[in-house]
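These notes concern the structure reproduced below.
The values are calculated or read from the model by the stated rules, or taken from the named source; none is laboratory data. Everything numeric here is computed off the predicted structure, so don't read it as measured data. Because the Cβ atoms are built from the backbone with ideal geometry, glycine has one as well, and the counts that use them run over all protein chains shown.
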Amino acid sequence: MIDALGQPQCVLIIGGGSDIASALVDRWVDMRCQRVILAGRSFSVMEQVQSQLQSHSAAKVEIVYLDMADHESLAPLTSEVFEKYPDIDMAVLAAGQLGDQAQDERDPKRVEEMFDVNATGPAIFLTACASEFRKKGTGTIVVLSSVAGERVRRSNYVYGASKAATDSFSLALSEALKGTGVNVLVVRPGFVSTKMTQHLTKAPLATTKERVANDIIEALAKKKSLIWSPKEMRWVMLVYKHIPRAIARRIPF
């Protein structure tokens, strides 16, 4: 059961190899989270996370194979996981692909793959996960979105549009779950220095996985439903969303 500060005792991580999710779970196991279920495609990466967590905690860390692009398996597998671990009180959706804009925009198959992993798969999982939590009458879902989805830019519009879909879906799901005992927290990080972005030039207000994790933990304690990380990104995006397109396209990030 989630404690008074919003911290889980049993957490399901979708995208178990995510750097941000790893930093978040690092904090949770230090706060006596008892079980972590890592779900994703890369067993080798998840085994590294598992080893790291078990090196400094007594938490039980399990690994489950899950492919966000395998849409037919998502709902049944989600049900199986909740049946096997009925004490799950929080789910974190951290799966996603950044892609390569220069290649993605020229290849319809790559666009399909990006939306499979970043939009369609998450929508299916979120629906299945919300259904499981509804049955229990309690639970929290944390969705790692992106400021890239708030106003989609020319420089990464395939990724941005796919994240915009998940962002909108998650916010609407949050409203649909009001009064059910199930809460949704949507997290909009800016540029985060991780292995996924190490080949890119840092954008303004670049942050770290540890800071995003701290912001999430604070938001859960305050029972928020939407945050930006770092917090200053909220005001940057508020301004950016209202800049005329002719001017916005000249901004070099």
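Laid out as a table, the results:
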item: Verdict on Gly121 being in a helix (DSSP H, G or I), at pLDDT below 95, buried (at least 19 other Cβ atoms within 10 Å of the Cβ) and within 15 Å of the chain's Cα centre (by Cα); result: no
item: From Val111, Val92, residue being within 20 Å of Leu38 (Cβ to Cβ) and not basic (Lys, Arg); result: Val92
item: Enumeration of residues in segment 153-177 that are among the β-branched types (Val, Ile, Thr) and either within 26 Å of Ala213 (Cβ to Cβ) or assigned to a strand (DSSP E or B) (or both); result: Thr166
item: Subset of segment 95-139 (residues that are of a type in the set (S, T, N, Q), touching a helix residue (DSSP H, G or I) at 6+ places or on another chain (Cβ under 7 Å) and touching a residue at least 12 places away in the same chain (Cβ under 8 Å)); result: Gln97, Gln101, Asn118, Thr120
item: Complete set of residues in segment 128-152 that are surrounded by fewer than 16 Cβ atoms within 10 Å (Cβ to Cβ) and either part of a helix (DSSP H, G or I) or on the phi > 0 side of the Ramachandran plot (or both); result: Ser131, Arg134, Lys135, Lys136, Gly137
item: Hits in segment 182-218 - residues which are at pLDDT 75 or above, basic (Lys, Arg) and in contact with a helix residue (DSSP H, G or I) (Cβ under 8 Å, 6 or more places away or on another chain); result: Arg188, Lys209
item: Complete set of residues in segment 1-53 that are touching a Lys or Arg at 6+ places or on another chain (Cβ under 8 Å), charged (D, E, K, R) and within 19 Å of Asp67 (Cα to Cα); result: Asp19
item: Any hit, segment 42-54, residues being assigned to a strand (DSSP E or B) and more than 18 Å from Ile217 (Cα to Cα); result: no
